[in-house]
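Trainee: Submitted below is the structure of interest, expressed as structure tokens.
What follows draws every value from the coordinates through simple rules; no lab data is involved. If you're wondering where the values come from, they're calculated on a predicted model, not measured in any experiment. Using ideal geometry, Cβ is built from the backbone for each residue, glycine included, and neighbour counts are taken over all protein chains shown.
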Ligand SMILES: C[S@@+](CC[C@H](N)C(=O)[O-])C[C@H]1O[C@@H](n2cnc3c(N)ncnc32)[C@H](O)[C@@H]1O
């Protein structure tokens, strides 16, 4: 399955439109994998986590609901922002979770204990200098499927089958 990852990246790249800010198209992480990402990141009650490009908000919502974290998503797609914000409100999570309508590259992550990232390889290259500048010592990053070139993962986990026949690789980094 690993050999299919470049093909997946190519498909996702092709799906990108011309917005130069766009770091990846919407492609949600399966819920079972979301839980493993948050477990791998060692997320604890009250910790601050951010999901960079939060899609429908599933990672942010699980982080607040199941792990008791203070969670923030960043999403520039207006309809995904609205969908995730409405869900957070309907679940009564507004004190613990929120979605910023904005660009990943324009945010402050200096308070983060954990970041989750499901972006493309080139996008990780673009985000990396920002994270190196902003993240506090000890902050963790869990990347889904695509590594951060130049960083050495503390742990790599492969999920052979997500129930839909697709494998996933998770990379844990610590600053
Ligand atoms: C591959 S999806 C991942 C969604 C979610 N994190 C998950 O794992 O289920 C990437 C998301 O990033 C968003 N995105 C891409 N570039 C962005 C940017 N510059 N600022 C904010 N969001 C962005 C896309 O709209 C999309 O929802």
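Trainee: Can you pull the percent of Cα pairs in the chain with separation above 23 Å?
Mentor: 35 percent
Trainee: With a Förster radius of 25 Å, plug the Cβ-Cβ distance of residue 125 and residue 157 into 1/(1 + (r/R0)^6) and report the FRET value to the nearest 0.05.
Mentor: Given R0 = 25 Å and the Cβ-Cβ separation, E is 0.65.
Trainee: For the residue pair residue 136 and residue 89, what label-to-label distance in nm results when each label sits 7 Å from Cα along the Cα-to-beta-carbon direction?
Mentor: Simple spin-label model gives 3.1 nm for this pair.
Trainee: Which value, in nm² and rounded to one decimal, describes the direction-averaged projected area of the C-alpha convex hull of the range 26-93?
Mentor: Averaged projected area of the range 26-93's Cα convex hull equals 4.1 nm².
Trainee: What ranking, highest mean first, results for peptides 107-120, 24-37, 56-69 when packing means the other Cβ atoms within 10 Å averaged over each residue?
Mentor: Descending mean neighbour count gives 56-69, 107-120, 24-37.
Trainee: What is the Cα centroid distance between the range 134-151 and the range 56-110, reported in whole angstrom?
Mentor: Spelled out, the Cα-based centre of one part sits 20 Å from the other.
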